[in-house]
Amino acid sequence: MTVAVVTGGTRGVGAGIARAFLRTGAEVVICGRRPPPAPLTAAGRAARYLPLDVRDPHAAREFCAQVARDHGSLDVLVNNAGGTPYRPLSEGSADHHARVIELNLLAPLHLSRAAHAVMREQAGGGAVVMVGSVSGERPSPGTAAYGAAKAGLENLARSMAMEWAQERIRVNTVVLGMARTERTALHYGDEAGVAAVGATVPMGRLAEPDEVGDACVFLASDAARYISGASLAVHGGGERPAFLHVANANKT
């Protein structure tokens with residue numbers, strides 16, 4: 001049976017990823033600093049919660065070793081934990097911006113290295129999936145440190161994929177656009193605001209967490225057994241260039 005770890009799997013996109021793996025029959029371990037408000041379940045099965053500060057490399061090593069001891073293996077690691085508040089670069093302290101990079105880039109590095117130590121000893125190796133962001137592929141005013149960290153995360157994944165390929169460990173990235181979560185209203189307002197933001201996406205809506213989970217399941221599965229070092233866009237068709245809106249407005 002596949003054993004999958006989802007960091008930050010207690011809510012939002014992470015919970016959707018955990019549910020997607022539960023539906024495949026995998027044993028799922030979710031981690032975070034606080035437990036989920038209710039047991040996370042799907043298909044009549046429940047994920048196990050273990051506390052972890054993903055920014056602590058020593059705790060990451062012990063966490064991955066414990067998962068392998070308790071469940072017999074660690075086959076999939078999904079580095080989902082992350083995020084950032086809106087903060088222009090000229091505001092906040094240097095420590096604020098550094099912590100954003102620590103959470104979104106250094107924490108996945110530490111967790112991946114800890115998982116690698118387990119996976120390289122397994123006959124089947126393993127799979128690591130990074131949850132990236134479109135913020136890493138274009139300017140991110142107000143979340144610049146986050147965008148820089150996510151850009152670095154994609155590069156890190158490609159380097160890991162090359163270094164670890166001979167150890168049967170694949171590393172890929174899901175490049176995520178806007179997704180609907182419990183916190184969507186904090187960013188986009190009421191349902192009318194969410195709908196207005198969703199209308200800017202070519203597919204006309206935000207991603208659902210479970211759809212992101214399905215993409216992660218694919219990259220971790222045997223169906224993607226020859227895919228490594230890749231970035232899979234999960235953004236509903238991308239972001240419409242602002243100049244097109246202006247140009248079309250001037251035509252009317």
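Note on the chain: with a GNM built from Cα contacts shorter than 10 Å, the maximum mean-square fluctuation among V131, V201, V175 falls on V201. Highest GNM mean-square fluctuation, the chain, Cα pairs closer than 10 Å: which of G147, G83, G14? Judging by the Gaussian network model, the answer is G83.
Ranking Y86, Y49 by solvent-accessible area of protein heavy atoms (1.4 Å probe, all protein chains present), from largest to smallest, gives Y86, Y49. Multiplying the residue separation of A165 and R205 by 0.36 nm and removing their Cα-Cα distance gives an extension gain of 10.8 nm. If you model the range 1-54 as an ellipsoid using its alpha carbon gyration tensor, with each semi-axis the square root of five times an eigenvalue, the axes come out at 16, 11, 9 Å, biggest first. Each stretch of four or more DSSP H residues adds -39500 (n - 2.57); spread over every residue of the chain, this sum gives -12500 deg cm²/dmol at 222 nm. For the range 11-20, 3J(HN,Hα) computed residue by residue from phi via the Karplus equation (6.51, -1.76, 1.60; θ = phi - 60°) reads 7, x, 4, x, 5, x, 5, 4, 4, 4 Hz, glycine and proline entered as x.
Between D95 and E62, the C-beta separation translates, for a Förster distance of 22 Å, into a calculated FRET efficiency of about 0.25. Multiplying the residue separation of Y226 and R120 by 0.36 nm and subtracting their alpha-carbon distance yields 36.4 nm. Three principal axis extents of the range 40-89 based on alpha-carbon atoms, in descending order, are 45, 31, 17 Å.
Hydrodynamic radius of the range 1-104 by the Kirkwood approach over all distinct alpha-carbon pairs: 14.5 Å. Less than 5 angstrom separates the built amide H of V128 from those of L77, R170, V171, N172, all sequence-distant by 5 or more or on a different chain.
For the chain, the antiparallel share of DSSP beta bridges with both residues in that region comes to about 5%. Summing charges over all other residues whose Cβ lies under 14 Å from the Cβ of V28, with Lys and Arg as +1 and Asp and Glu as -1, gives 0. Using the Stokes-Einstein relation with a Kirkwood hydrodynamic radius computed over Cα pairs, the translational diffusion coefficient of the chain at 25 °C and a viscosity of 0.890 mPa s comes to 132 µm²/s. Of the solvent-accessible surface of the range 102-252, computed with a 1.4 Å probe over protein heavy atoms with every protein chain present, carbon and sulfur atoms account for 57 percent.
The values are calculated or read from the model by the stated rules, or taken from the named source; none is laboratory data. Computed from a prediction, not measured in an experiment: that's the story for all the values here. Cβ atoms come from the backbone with ideal geometry, glycine included; neighbour counts cover every protein chain shown. These area figures cover heavy atoms from the full protein model, side chains too; ligands, DNA and RNA do not enter into them. Shrake-Rupley method; radii C 1.70, N 1.55, O 1.52, S 1.80 Å.
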